[in-house]
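Single-structure report; data block below.
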Amino acid sequence: MTSNGVESGRIGPGFMVLIGVSTRDTDKDVRYMAEKVPNLRIFEDENGKMNRSLRDVGGAILAVSQFTLYGDARGGRRPSFIEAARPEEANRLYEELVGLWRESGLQVETGVFRTDMKVSLVNDGPVTILMDSEKNF
């Protein structure tokens with residue numbers, strides 16, 4: 001991943017996590033995601049069954065702040081971002097989440113908040129899962 005043209009994060013096997021923060025998110029939501037994501041069993045075990053977590057396989061996280069996840073395009077042709085948290089609060093909660101993952105021993109790489117980021121992904125699998133702390137998905 002590059003931020004403003006400078007490499008800011010790179011991982012090997014693991015998760016690329018696009019993180020959107022809503023106006024309703026709190027520290028409680030951050031703690032939920034900090035526990036849920038690295039323990040999600042989506043890597044195959046020796047029998048080919050999705051039964052191993054990021055922690056089990058020693059994977060890393062590439063954490064990408066992504067306010068556009070809250071873009072609502074249902075009403076017209078231009079998305080509304082009214083549900084996205086203000087940048088100051090979004091960054092605080094994003095940094096809290098990244099910090100909790102790092103404190104738990106995970107390797108976490110990031111971009112730079114509110115910069116022009118270019119992200120490359122090799123999706124090995126692929127497994128793509130939508131998750132939110134409100135459990136809508």
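The values are calculated or read from the model by the stated rules, or taken from the named source; none is laboratory data. Please read all numbers here as calculations on a predicted model, not as lab measurements. Using ideal geometry, Cβ is built from the backbone for each residue, glycine included, and neighbour counts are taken over all protein chains shown. What goes into the accessible areas is simple: the full protein's heavy atoms, side chains included, and nothing from ligands, DNA or RNA. Shrake-Rupley method; radii C 1.70, N 1.55, O 1.52, S 1.80 Å.
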>> I want to confirm something. Restricting to the range 72-103 and keeping residues that are touching an Asp or Glu at 6+ places or on another chain (Cβ under 9 Å) and either assigned to a loop (DSSP other than H, G, I, E, B) or β-branched (Val, Ile, Thr) (or both), which single residue is nearest to Ala34 (Cα to Cα)?
In response: Ala85
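Conditions (1) open to solvent by 80 Å² or more (accessible area, probe 1.4 Å); (2) farther than 19 Å from Met16 by Cβ; (3) free of Cβ contacts under 8 Å to residues at least 12 places away in the same chain, marked per residue:
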| site | (1), (2), (3) |
| --- | --- |
| Ser80 | no, yes, yes |
| Pro87 | no, yes, no |
| Val98 | no, no, no |
| Asp116 | yes, no, no |
> Val30: β-branched (Val, Ile, Thr) and in a helix (DSSP H, G or I), yes or no?
Replying inline: yes
